[in-house]
Amino acid sequence: MATSGNKNINAKLVLLGDVGAGKSSLVLRFVKGQFVEFQESTIGAAFFSQTLAVNDATVKFEIWDTAGQERYHSLAPMYYRGAAAAIIVYDITNQGSFDRAKKWVQELQAQGNPNMVMALAGNKSDLLDSRKVAAEDAQTYAQENGLFFMETSAKSAANQRDCRECNQYRIQPGWFWTDLLKGLQARHVARRTWFLVQF
Amino acid sequence: MLETDLHDLSDDADYAASQQQGSTTMMRTDSGRGSSSSEHEGAEVVYSKENVTIHPTQFASERISGRLRLIKQGSCLFITWIPYKGQNSNAKLSERDRNLYTIRGVPFTEVRSIRRHTPAFGWQYVIIVLSSGLAFPSLYFYNGGVREFLATVKQHVFLVRSEEDANTFLVNDFQNPLQRTLSSLELPRSGSIASAVSSASVDVSPSNSERRAGEDSHDERSRISRYGGKQRHKAQDPARDLPIQILEKFSLVTKFARETTSQLFRENHNNGFSVAEMRIQNQSSLDSPQTSSNDLEKVTDDSPVVQDPIQFDKLTLVWGKPRQPPLGSEEWATFLDAEGRVLDSTSLRKRIFYGGVEHNLRKEVWAFLLGFHAYNSTYAEREYLQSIKRSEYLTIKNQWQSISPEQAKRFTKFKERKGLIEKDVVRTDRSLSFFDGDENPNVKLLHDILLTYSFYNFDLGYCQGMSDFLSPILFVMGDESESFWCFVALMERLGPNFNRDQTGMHCQLFAISKLVELLDTPLHNYFSQHDCLNYFFCFRWVLIQFKREFAYEKVMHLWEVLWTHYPSEHLHLYICVAVLKRYRNKIMGEQMDFDTLLKFINELSGHIDLDAAIRDAEALCVCAGENGAANIPPGTPPSLPLDDGSYYIQQDEVL
């Protein structure tokens, strides 16, 4: 639960990525702290919100979770328009999903909001034995394109911050989410861009 | 410009005068028809085709033929379609429809796309979609000439073939995918509708119905003149650049429908809600099992004093017919003759609509409802068909089973498709004991049937959502081949839901928006004001027919009810409206925006009272009547496609 700070910030996020990369699982880990082995496919889009309290501000993440199949690609712009941040998810055990992630990055660079913060999440990091995408490759790609990068596991909740920091943030998001939040804040302070609505 | 064209103009379209008049008002007072040729300056009929016909309903007797023209004025190209007079025996209907559907000089700057349909049998037709997202009814070219029509348009307007669909021609091509999405999916925005409707009302004059054919020139001309005027204002006031003509039509439809429904629902002028809506509110506060059997009496108690007993009968007749117990074996036997034919399929479908089917009978009955078996087939014929179809299934299945690993390496499309299916079947209804556990054979059957289907219908392939459709069918049918063919039959109707260009979904969401406008204007206005007219919050409901919204048993019940196609093929759209109406107060009271609404709708899953929703939907469907049906574009799923197999062609498909 967020405390009542003197600042309320809304941040719209969108999750994009290949079928079965773990978009819904990642967001459910964040929002509900749970993991379902056979998370059903997303039809159309799902919308979640989660509020984080940071220092004297509360940040409400409004998260759009999208369907992964190429067939539904044409719907994506409806969801990423106006997003403050996009999380592009791939599956570290599936090279094709990493290629697809790069395509999403290209599309967002070409079409999205130039102030959009992009993050690349290599999900299923618990499945080390089946790894097909090297962390270094993804890291290099992320650096070249100015993306946050992190490997995550919605299943094992890897990359959780230690408990002290969890307490500081009042709930237990993965690093991924808090780092993303920091990125958003930094941009907001630096550029006073429109996407974080303060009121 | 040809002399004959000029001459041809004189009988109906002396719109050129408008250019000189420059004012709509002046134009409208100018009733003189003997216009001199000087008034035609700059105007030219560049295309004219007789017997271009619209099909407002499925009845051949209600088709309306007319003359289609392209008219060039200055740098502007206009399209007009004027129906012929007095061809229809039902004079009243014809007159109304005539005024409703007439296209009086719409400029191509307002046209977004033209889709050409060239069925193997039957007439070619085109669908013209305006930039507002609204579309004219399909124009059937009884005398041919679609190619010539498009060629003429192309000569005067920037026209490109859509990358996604070779039969769609974009008039205003958007390079930006965001805009492409918006333009292909979104319905008109709030500001547009509101202002357009208000300005449209000016034009709906009672004399419309009195006009003679020759006077249509007046409309056509004044429409163009108004546009000419508007164009000059365009820079200052973009909101004025609206297809008023088309919106006029919808306002007429709505007005007509409201008159009809208000007779049944009795408008309550104190709060602006009809009795029916109040009734829904009553029910929603009592969302509990008790509100089922005694609903009829409740209507009687709650209704205001009704002066006209006939109207009152209609009200009680249409609303809240109690649900019945499911069809059981004994009763089922009464529908069959000695050789196993269903004698009266209409009664059977009606019976199933009101109660569904007992689970142990589903295997037998679903094959009829889905169309795998014909109602008039005998036991012997069905047995024969099953054996034929079984070997046919195995043949198709063998097509992918025989692909060796070496061959698969060189067959990316197959690998990708198979991978996609593998990802989805392991997460389809796994919480059911039928599908749970490792190495579950039914999960493998899901996989095999879906992959076989993607070979049977290679153009459509596999798409997320299909496993949701197949799961209950497999659960009920058990048999692999029968499940496959029942799934095939279902996809004949619902396959367009998965079209890459989203046409099937677009049609249905569009129809929902028109039905809400018809049946709940305040809610429509609310959605309009909050930019929710694309109805994307209903996407999941429509795509997989509420599969994710109800418990498994309820889904099976709902589907068999829908598959009866009683009282409408499109009852699922009325269910959408019924559920939205049920929560209308919450939606409007909490001022939900699109995001909140989508979240709210997604979270309704598991909380919708199915019986109440079906009852409400039936009532809404009956009340909307013909006007409801007229708001659903022809060919909207689950109607059988208007086209031949080319319906499924997916251009530039990755998977």
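Could you name every one of the helices (runs of 4 or more DSSP H) located completely within the range B:552-616 that has at least 1 residues being more than 18 Å from the chain's Cα centre (by Cα) and crowded, with 23+ Cβ neighbours inside 10 Å? Before you say what the answer is, go through the steps one by one.
Numbers: elements: B:552-563, B:571-582, B:584-589, B:594-603.
Hits in the range B:552-616: B:552-563, B:571-582, B:594-603.
Can you confirm whether A:TYR80 is within 12 Å of another protein chain (Cβ to nearest Cβ), open to solvent by less than 30 Å² (accessible area, probe 1.4 Å) and in contact (Cβ under 8 Å) with a residue 60 or more places away in the chain?
Numbers: within 12 Å of another protein chain (Cβ to nearest Cβ): yes; open to solvent by less than 30 Å² (accessible area, probe 1.4 Å): yes; in contact (Cβ under 8 Å) with a residue 60 or more places away in the chain: yes.
Here the answer is yes, as A:TYR80 does meet what is asked.
Exactly one condition in (1) closer than 23 Å to B:LEU361 by Cβ; (2) touching a His at 6+ places or on another chain (Cβ under 9 Å); (3) open to solvent by 10 Å² or more (accessible area, probe 1.4 Å); (4) within 14 Å of another protein chain (Cβ to nearest Cβ) is not met by B:PHE546; state its number.
(3)
With A:ALA76, A:ALA57, A:ALA86, A:ALA101 as the choices, which residue is closer than 19 Å to B:LEU543 by Cα and of a type in the set (A, V, I, L, M, F, W, C)? Break it down stepwise before answering.
Values: A:ALA57 fails: closer than 19 Å to B:LEU543 by Cα; A:ALA86 fails: closer than 19 Å to B:LEU543 by Cα; A:ALA101 fails: closer than 19 Å to B:LEU543 by Cα.
Unique residue meeting the criteria: A:ALA76.
Answer yes or no: is there a residue in the range B:395-406 that is surrounded by 17 or more Cβ atoms within 10 Å (Cβ to Cβ), more than 33 Å from the chain's Cα centre (by Cα) and in a helix (DSSP H, G or I).
Within the range B:395-406, one or more residues are surrounded by 17 or more Cβ atoms within 10 Å (Cβ to Cβ), more than 33 Å from the chain's Cα centre (by Cα) and in a helix (DSSP H, G or I).
Of the residues that sit in the range B:150-163 and are touching a residue at least 24 places away in the same chain (Cβ under 8 Å) and farther than 16 Å from B:ARG112 by Cα, which one is surrounded by the most Cβ atoms within 10 Å (Cβ to Cβ)?
In this case the residue turns out to be B:THR152.
Restricting to the range B:415-466, count the residues that are within 11 Å of another protein chain (Cβ to nearest Cβ), free of Cβ contacts under 8 Å to residues at least 40 places away in the same chain and small (Gly, Ala, Ser).
2
In the range A:59-75, is there at least one residue being in contact (Cβ under 8 Å) with a residue 12 or more places away in the chain, more than 14 Å from chain B (Cβ to nearest Cβ) and open to solvent by less than 30 Å² (accessible area, probe 1.4 Å)?
Looking for residues that are in contact (Cβ under 8 Å) with a residue 12 or more places away in the chain, more than 14 Å from chain B (Cβ to nearest Cβ) and open to solvent by less than 30 Å² (accessible area, probe 1.4 Å), one finds at least one in the range A:59-75, hence yes.
Looking at (1) closer than 20 Å to A:GLN50 by Cα; (2) modelled with pLDDT under 85, which is the one condition that is false for A:ARG164?
The single condition A:ARG164 does not satisfy is (1).
If I go through the range B:525-543 residue by residue, how many of them are buried (at least 21 other Cβ atoms within 10 Å of the Cβ) and either part of a helix (DSSP H, G or I) or more than 19 Å from the chain's Cα centre (by Cα) (or both)?
So the answer is 10.
Tally the residues that are away from chain A (no Cβ under 14 Å) and over 14 Å from B:TRP541 (Cβ atoms), restricting the search to the range B:582-603. Working first, answer last.
To start, the set of residues in the range B:582-603 that are away from chain A (no Cβ under 14 Å) comprises B:582-591.
Going one step further and asking which of them are over 14 Å from B:TRP541 (Cβ atoms), we end up with B:584-591.
Result for the range B:582-603: 8.
I'd like to verify a number: residues in the range B:335-357 that are in a helix (DSSP H, G or I) and either surrounded by 12 or more Cβ atoms within 10 Å (Cβ to Cβ) or in contact with a Leu (Cβ under 7 Å, 6 or more places away or on another chain) (or both), how many?
We begin by selecting, within the range B:335-357, every residue in a helix (DSSP H, G or I); these are B:345-355.
The next check asks that each one be either surrounded by 12 or more Cβ atoms within 10 Å (Cβ to Cβ) or in contact with a Leu (Cβ under 7 Å, 6 or more places away or on another chain) (or both); those that pass are B:345, B:347-355.
Total meeting the criteria: 10.
Please work out which one of (1) open to solvent by 10 Å² or more (accessible area, probe 1.4 Å); (2) at pLDDT 90 or above; (3) assigned to a helix (DSSP H, G or I); (4) among the polar types (S, T, N, Q) is the condition A:SER97 fails and give its number.
Of the numbered conditions (1) open to solvent by 10 Å² or more (accessible area, probe 1.4 Å); (2) at pLDDT 90 or above; (3) assigned to a helix (DSSP H, G or I); (4) among the polar types (S, T, N, Q), the odd one out for A:SER97 is (1).
Among the residues of the range A:83-116, count how many are within 11 Å of chain B (Cβ to nearest Cβ), within 15 Å of the chain's Cα centre (by Cα) and of a type in the set (A, V, I, L, M).
At the first step, the residues of the range A:83-116 found to be within 11 Å of chain B (Cβ to nearest Cβ) are A:91, A:94, A:96-97, A:100, A:103, A:107-108, A:110-113.
Those still in the list that are within 15 Å of the chain's Cα centre (by Cα) too: A:91, A:108.
With of a type in the set (A, V, I, L, M) added as a condition, the list becomes A:108.
Count: 1.
Quick one: B:ASN376 ticks every box in (1) farther than 25 Å from B:ARG493 by Cα; (2) surrounded by fewer than 16 Cβ atoms within 10 Å (Cβ to Cβ) bar one, so which box is it?
Evaluating B:ASN376 over (1) farther than 25 Å from B:ARG493 by Cα; (2) surrounded by fewer than 16 Cβ atoms within 10 Å (Cβ to Cβ) leaves (1) as the failure.
The values are calculated or read from the model by the stated rules, or taken from the named source; none is laboratory data. A quick note: this is a predicted structure, and the numbers were derived from the prediction, not measured. Glycine gets a Cβ as well: all are built from the backbone with ideal geometry, and neighbour counts include every protein chain shown. Only protein heavy atoms, including side chains, enter the accessible area calculation; ligands, DNA and RNA are left aside. Shrake-Rupley method; radii C 1.70, N 1.55, O 1.52, S 1.80 Å.
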